[in-house]
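What follows is one structure encoded as structure tokens, with my remarks underneath.
Every number here is computed from the coordinates shown, using simple stated rules; none is lab data. Note that the structure is predicted; figures quoted are calculated from it, not measured. Backbone-built Cβ (ideal geometry, glycine too); neighbour counts: all protein chains shown.
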Amino acid sequence: MHDHDFAASDYVEPDRVRREIYIDPQLFELEMERIHEQIWIYCGHATQVPHSGDYCTFQLGRQPMIMIRRADGEVSVLYNRCPHRGAMICGNHQGNTGKFFKCSYHAWSFRHDGSLLAIPMLDSAYEGTGWGADNPDCRMKAAARVENYRGFIFASLADEGPSLEEFLGKARIALDNMCDRSPEGEIEIVPNCYRVVQRSNWKIFIENQIDALHPSVTHQSTGAAAREIELEIQKKTGEAPLSYHMLSAFATLTVEDWNAFETKGYPYGHTSVGGYMKLRPRDPESLEYERLLTKAYGKERMEEILDVPIHHMMFYPGLGIQPQLQQLRVVRPLSVDRMLTEIWYFRLKGAPEAIHQRALDYYNLVNSPATMINADDMENFWKCQQGLGSKGNSWVSFHRHFGHDLEREGVMVSPPDRGTSETPMRNQIQAWKKYMEA
Ligand code: FES
Ligand SMILES: [Fe+2]
């Protein structure tokens, strides 16, 4: 397949897609070019690099990148590549580079914004070559565009395209809600993250995240085991800790219950699943938290903030945000059948310790690689990738409740009482088609 004979419409129909989009390495390269190395991609959170010289590294599409806090307080996003002979400048996930970067190979050095500071023997060895501080080829290249939305840093490698604000659109309610849950309106990342490499195409993961039918099937046994213990504790002490509910909800909610929650599809491919957990417990710490929020925002706004019904917002093409529990997962595709997730969570500035503990519990019990929930999903991801390699069928189905999707103010919404509809996946595949046609 060559770029010029590629037509996205050959691969995506309104209710189904060709299996090749998950298994063809050439299509993967094209996706990196037209999606991941074009549109706004989440780099990291500003609180990962609080001090001058702090940096972290990550993958943006196929590009190794660096996010760094400059001496002037701003954040730069640079290609992690030395302009001399191509060595990566930073080999670690994170660190502090001091006042400048220095390449470990031949000691070229660069300021925080990537501009050239010095080349050894510049005067004697490079005379007449055109190499020097005035030559833009001698700097570490910066991402074309970088923007900060309430501490969430995004970059785009394309000079042109929608602004970050337009790209996030109404879906940014999830980012706002995560921050608004802090009495100070700010969040702070908790170091460090889990990194999980999984053997599946990146789209299999993002389709799963907003699939409201799979929990009651895939996670049934894990949920049921937690439910058993939850009941035992309830019998003994009257009430089990909230953390049991985080797992048991997977078993106690029926398909009808899941159907009662809305799923949505936003422009540019973002998708969401409604909130399903009961997260307004009446213990003293939770009440204290509500008192602090009321003091900061007033009672009405406090209620509004705590009742935003979003369990999960999946920003296309790979940023998962769970505002109620301050969770963040980001997908870094590695190849057509491999991807990495970075799994993080946040502390709400000014909130009681118990609220932080609740986020940590969810992080460990549901999102971490140590939990059975993650293992349940991981097995499906691997099975999907293997199965899609078979010639058993050329198409992948997204027909669940097809033909009944609604539209509300530019947002696709699952039909009433059909929250398990494949509405959000249909939104994702249409976005894929649009990006890939470009
Ligand atoms: S490769 Fe970086 S200084 Fe030579
Ligand atoms: Fe799952």
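Calculate, in nm to one decimal, what Phe402 and Tyr105 gain on full extension: separation in residues at 0.36 nm each, minus their alpha carbon distance.
Full extension from Phe402 to Tyr105 adds 101.3 nm.
Kirkwood hydrodynamic radius (Cα pairs, Å) of segment 271-383?
That comes to 15.7 Å for segment 271-383.
Compute the label zone of Asn380 within segment 416-438: residues whose backbone N is under 19 Å from the point 7 Å along Cα-to-Cβ.
Only 418-429 pass the distance filter.
What is the calculated FRET efficiency for His84 to Arg62, with r their C-beta to C-beta distance and R₀ = 22 Å, to the nearest 0.05?
0.55
Sort His356, His404, His312, His219 by Cβ crowding within 10 Å, fewest neighbours at the top.
Ordered from fewest to most neighbouring Cβ atoms within 10 Å, His356, His404, His312, His219 come out as His404, His356, His219, His312.
Given the options Ala144, Trp131, Ile229, identify the residue whose Cα lies farthest towards the positive end of the charge dipole of segment 125-251 (+1 on Cβ of Lys, Arg; -1 on Cβ of Asp, Glu).
Working it through, the farthest residue towards the positive pole turns out to be Ile229.
Given charges of +1 on the Cβ of Lys and Arg and -1 on the Cβ of Asp and Glu, with all other atoms neutral, how large is the dipole of the chain about its Cα centre, in debye to the nearest 20?
For this selection, approximately 740 debye.
Test of understanding: ordering Met339, Met121, Met277 by Cβ neighbours within 10 Å, fewest first, what list do you get?
Exposure proxy ranking, most exposed first: Met121, Met277, Met339.
Taking the Cα centre of segment 186-235 as origin and charging only Cβ (+1 Lys, Arg; -1 Asp, Glu), how large is the dipole, in debye to the nearest 20?
For segment 186-235, the charge dipole is close to 280 debye.
In what order do Ser414, Ser397 fall by count of nearby beta-carbon atoms within 10 Å, going from fewest to most?
Ser397, Ser414
Could you calculate the contour length gain from Glu409 to Asn364, that is, 0.36 nm times the residue separation minus the distance between their Cα atoms, to one decimal place in nm?
12.5 nm
Can you give the calculated 222 nm mean residue ellipticity of the chain, where each DSSP H run of n ≥ 4 adds -39,500 (n - 2.57) and the sum is split over every residue, rounded to the nearest 500 deg cm²/dmol?
Mean residue ellipticity, 222 nm, calculated: -9000 deg cm²/dmol.
Any idea what angle helix 284-297 forms with the longest principal axis of the chain, computed on alpha-carbon atoms, 0 to 90 degrees, nearest 10?
60 degrees
To the nearest 20 debye, what charge dipole does segment 137-231 have about its Cα centre, counting +1 at the Cβ of each Lys and Arg and -1 at the Cβ of each Asp and Glu?
Roughly 380 debye for segment 137-231.
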